[in-house]
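Colleague: Below are the structure tokens for one structure; questions will follow.
What follows draws every value from the coordinates through simple rules; no lab data is involved. Nothing here was measured: the structure is a model prediction, and the numbers come from that model. Every residue, glycine as well, gets a Cβ built from its backbone with ideal geometry; the counts of neighbours run over all protein chains shown.
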Ligand code: TYM
């Protein structure tokens, strides 16, 4: 049995990359009897400006989505990051051993800081340290994430080791779990870059809430190439990505799907792919809507989750405070 933990930002859009990169792996690992922890990182979300009303709505939507995907709040501790104050407390302590240089090297920070100049916030810069605190606070062994979080995970490992060397064994050094397929779903409009909710066009992603028409339109206009052969060839990023998505939503290997489309063009393939995505999304969307209709139930689940998480976090912080010498 392992302690498995992951977290996602509560944003108005969760796309199939988020689903296959992080949510679905958590559902699978939950069935193996692990100790699962999953939360919506609202204090990470505010590293970029957020409208308070939207943030509140996005939190409900995030939790409804995890539940709709199959997260069982009995088996998984499900909560909202800001409810467990120890996350920010530990982040402060880790700030005092983290180096400016290593944070400056974070590629996600560099991408997000573009154009902000001197006005880039300290929160955005410090974001990976809060993430390290999220992980280390719970003696996490395994962190299922998409490929883009690998560098942040490395930092969490480095901070755990640095703290342990300085103050004695305190933190478990966590391992990332990055799936072989689905860890990096690419943008539909530009398959050389990852699918991202902050892309300039909504043609870039399939949101879990996209309706049938939108999915058909987005897949129809997805970038491919002029070869017209449906094959899982990494060098042909567009069709490779669409085949991966086909494989993920149907659970069938890409090699088998290729055979179905021998001698057929991209038109047939894209039409079927849109249909498969819609079949896959429909039951999830129904469940999300059902959960959102009962906010009281969501609040009760979050209260119970926060209580369980807080008990673990408080135990750990007692040790951490003692190690650094602030308990008298
Ligand atoms: P976030 O909210 O950007 O993304 C949530 C998860 O979705 C994965 N992901 C993808 N996977 C495959 N293909 C894609 N195109 C794609 N885009 C996103 C991400 O890798 C991630 O696993 N910093 C984190 C949240 C976080 C966290 C943590 C994660 C905060 N504390 C502790 C793990 C453990 C983030 O912003 O993810």
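Colleague: Enter the angle in degrees (range 0 to 90, nearest 10) between the Cα long axis of helix 266-292 and the first principal axis of the Cα atoms of the chain, meaning the one along which they spread out most.
Modeller: 40
Colleague: Separate question: Can you tell me how the stretch 1-90 classifies by the Cα gyration tensor, rounded, prolate or oblate, using a/c under 1.5 as the rounded cut? Please report the intermediate quantities before stating the final value.
Modeller: Numbers: a/c = 2.11, a/b = 1.40, b/c = 1.50.
Judged from the Cα gyration tensor, the stretch 1-90 comes out oblate (a/c at least 1.5, b/c at or above a/b).
Colleague: Next question, about the same structure. Run the paramagnetic zone check for residue 1: 7 angstrom along Cα to Cβ, then residues of the stretch 118-155 with backbone nitrogen under 17 Å.
Modeller: 138-142
Colleague: A follow-up question, please. What angle do you read, to the nearest 10 degrees and between 0 and 90, between the alpha-carbon axis of helix 295-324 and the longest principal axis of the chain?
Modeller: 50
Colleague: Any idea what angle helix 122-136 forms with the longest principal axis of the chain, computed on alpha-carbon atoms, 0 to 90 degrees, nearest 10?
Modeller: Computed tilt is about 80 degrees.
Colleague: Ranked highest first by average number of other Cβ atoms within 10 Å, how do 261-270, 96-105 line up?
Modeller: Working: 261-270: 14.4, 96-105: 12.4.
Answer by packing, highest mean first, reads 261-270, 96-105.
Colleague: Compare the peptides 127-133, 212-218 by average per-residue count of other Cβ atoms within 10 angstrom and give them in order, highest first. Walk me through the numbers before you get to the answer.
Modeller: Numbers: 127-133: 24.0, 212-218: 16.0.
Highest to lowest by the protection proxy: 127-133, 212-218.
Colleague: I'd like the distance separating the alpha-carbon centroids of the stretch 134-191 and the stretch 52-84, in whole Å.
Modeller: Answer, in whole Å: 21.
Colleague: May I ask you to derive the FRET efficiency for residue 214 and residue 300 from their Cβ-Cβ distance with R0 = 41 Å, giving the value to the nearest 0.05? Intermediate results must be reported in sequence, preceding the final value.
Modeller: On the way: r = 33 Å, r/R0 = 0.80.
The formula returns an efficiency of 0.80 here.
Colleague: In deg cm²/dmol, rounded to 500, what helix-only [θ] at 222 nm does the chain give when every DSSP H run of at least 4 residues adds -39500 (n - 2.57) and the total is split over its residues? Walk me through the numbers on the way to the answer.
Modeller: Details: 13 runs with 171 residues, N = 328.
Mean residue ellipticity, 222 nm, calculated: -16500 deg cm²/dmol.
Colleague: Spin-label point model (7 Å from Cα, Cβ direction): what's the residue 161 to residue 48 distance in nm?
Modeller: It is 3.1 nm.
Colleague: Could you work out the relative contact order of the chain? I mean the mean sequence separation of Cα pairs under 8 Å and 6+ apart, divided by the number of residues, in percent. Walk me through the numbers before you get to the answer.
Modeller: Numbers: 494 pairs, mean separation 71.1, N = 328.
Relative contact order comes out at 22 percent.
Colleague: For residue 85 and residue 319 in the same chain, what is the full-extension length gain: residue separation times 0.36 nm, less their Cα-Cα distance, in nm?
Modeller: Details: separation 234, 0.36 × 234 = 84.24 nm, distance 1.58 nm.
That works out to 82.7 nm of additional length.
Colleague: A further question follows. Does the stretch 119-203 come out rounded, prolate or oblate by the C-alpha gyration tensor, with a ≥ b ≥ c the root eigenvalues, rounded set by a/c under 1.5 and, if not, prolate when a/b is larger than b/c and oblate if not?
Modeller: On the way: a/c = 3.53, a/b = 1.76, b/c = 2.01.
The shape class here is oblate.
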